[in-house]
1. Sketch the reach of a paramagnetic label on Ser323 as a point 7 Å from Cα along Cα-to-Cβ, and name the residues of the range 382-414 whose backbone nitrogen lies under 18 Å away.
2. With both bridge residues required to lie in the chain, what share of the DSSP beta bridges run antiparallel, to the nearest 5%?
3. Roughly how tilted is helix 487-497, in degrees to the nearest 10 and between 0 and 90, from the longest Cα axis of the chain?
4. State the Kirkwood hydrodynamic radius of the range 376-423 in Å, one decimal place, computed from all pairs of distinct Cα atoms.
5. Tell me, what is the FRET efficiency for Ala473 and Gln335 to the nearest 0.05, using R0 = 51 angstrom and their Cβ-Cβ distance as r?
6. Non-local amide H neighbours of Val25 (under 5 Å, H modeled in plane, Pro and chain starts lacking H): which ones?
7. Leaving ligands, DNA and RNA out of it, report the carbon-plus-sulfur percent of the accessible area of the chain at a 1.4 Å probe.
8. How high is the relative contact order of the range 488-534, in percent, counting Cα pairs under 8 Å that sit 6 or more residues apart?
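The values are calculated or read from the model by the stated rules, or taken from the named source; none is laboratory data. As the structure is a computational prediction, the values presented were derived from the model and not from experiment. Cβ coordinates were reconstructed from backbone atoms using ideal geometry, including for glycine residues, and neighbour counts include every protein chain displayed. With ligands, DNA and RNA removed, areas are computed over all heavy atoms of the protein, side chains included. Shrake-Rupley method; radii C 1.70, N 1.55, O 1.52, S 1.80 Å.
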Amino acid sequence: MNVTGSYRNSIQFSTDAKRDATNVVDTVYAEDIGKFPDTNIAESLSRVPGVQISRDADGEGMNIQIRGLGTDFTKVLLNGDQVAVASSGSLDAQNQNREVDLDLLPTEFFTQLTVNKTPEASMTEGGIAGVVDMRTTRPFDNPGTHLTYSAQGTYNSVGSDTKPRGAVIGSWTNDAGTFGALVGVTGSRSDYDIRGFETIGWTTPQLSAAQCGGSAGCSPPGGSWVIPGTVPNGAGAGLTPGETIDNAWLLAHNPGLNTQQIANALIPRLGRDAYIQGTNDHQSGLMSFEFRPSERAHFYLDTLFSKQERDFNRLDMDLVGRSGQMIPVNMQVDQNDVVTSATFANAQYFLEARPYREHVSFYNINPGGSLLFGDDENVKLDFQGYVERSAYRNEQPSILVQTPPGQDVTVNYSNAGGETPSLPSSADLNNPNLGWEWYRLNVQNETRTTSNKGTREDLQWGDDDNNLKAGVAYDDISRQIKAYDNSAAWQAAAESAIPQSALSSYLTSGPGGFIGVNYAALMNATNYATTTPRPR
């Protein structure tokens, strides 16, 4: 088979770069503008051997890691300069290190991605795992007049939604080959529509001395799952209120298990069905100018702007394992003491409803150039500077309501398949009138700002194969994170404005098979806008 055209050239360029490099390097080229086939730069970098990516909840690539080290061990550069994005990572993440969220950068604007797996003296320090340099496209990458455009849509069968994506890039160079300009815009819209199960850790019972019964391998305190000392009223599962739950009771009601197996029984700490629905809007713009007055001089100006808006709703229905007081009946475990089936009496659930609003913006301005000196043009000066700023605003209040204790809630737990546990409840968790009570209100609002600026100059004596190089570099990097929390005041205002008896009118039947919250009505009734400091 003969491989021809731009794809062949791209492979040849990558091979040449790897052969000519003095360090261990892999380079990915897009021969023509906008020809990377992936949705963002993280997806494109995953094509390089040794590079792995972490993904957002919708499966889109987010951060990169090299050779198994964490994402914060990789230094990411944009046109040779340090880059920082102020966002906090994927859904529910709280990145506060040097991770760079690459979903903000569209592949259409880049023509070369270089992964340096071993360092050179000229590189910016900080990349223990490696240094990744992303080079944006410029007019003389493809001389002449060109218009590149693309449009695509992705259909998601879960949410029955189509995700549109488009890009237009125009470039021009004059006939003399001395000046060129390039302008590009991209836009995309993604829909979150995710339903699944997750657990926040696992836990074991915290048996009392009476429940251990002096058995070897059973010593308090154990895990965070508390089995009550007596059967409470309304425990359900046909249990008799007031009975003492001691070692003999546990063995009699869980036939086939010994005390040590009961003490080591693993259940989800907070097992929960989750529903996430929302949108992710992303727009980016690029402008690049090049001036080549002679073969001895080359000047450029690169600018990049990108913004992202995420607006979505997350609902979790949590079965309380940690600090809960479920009573196990007919419990079975596997060889690793993971519970495979059980009837849990005296169970309790809580709903966690979280509306998210996130805004991220990023811009980078990068002027620079090269000058050749000497009769043989064997002295070269490379110089460039950059200014960069990124801002992030996140508003995500949490509203938690719970089933009241002693409401005869029983769970027929099953995890026999070893994959997703099944948690069918005797209570209708999609009924706003079940008797839900206030549990907790949280305010988790935040702003972040990163500002980078710097300059670097390199002077080279000799040709590109044999040379001596010296240089200087300066970077000024700052980051500011502000948290806005007034949870106690908002909870006090909510409990005062909405008593338990009226709470059901602010709840709705939810799309995930369990209740949701009428956010607008509840926030208006609780004076959320005035009680809670909001990021601007």
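1. 398-406
2. The antiparallel fraction comes to roughly 95 percent.
3. 50
4. Evaluated over the range 376-423, this radius sits at 19.2 Å.
5. Calculated transfer efficiency: 0.30.
6. HN-HN under 5 Å from Val25: Lys117.
7. Carbon and sulfur: 49 percent of the exposed surface of the chain.
8. Once divided by the residue count of the range 488-534, the mean separation gives 46 percent.
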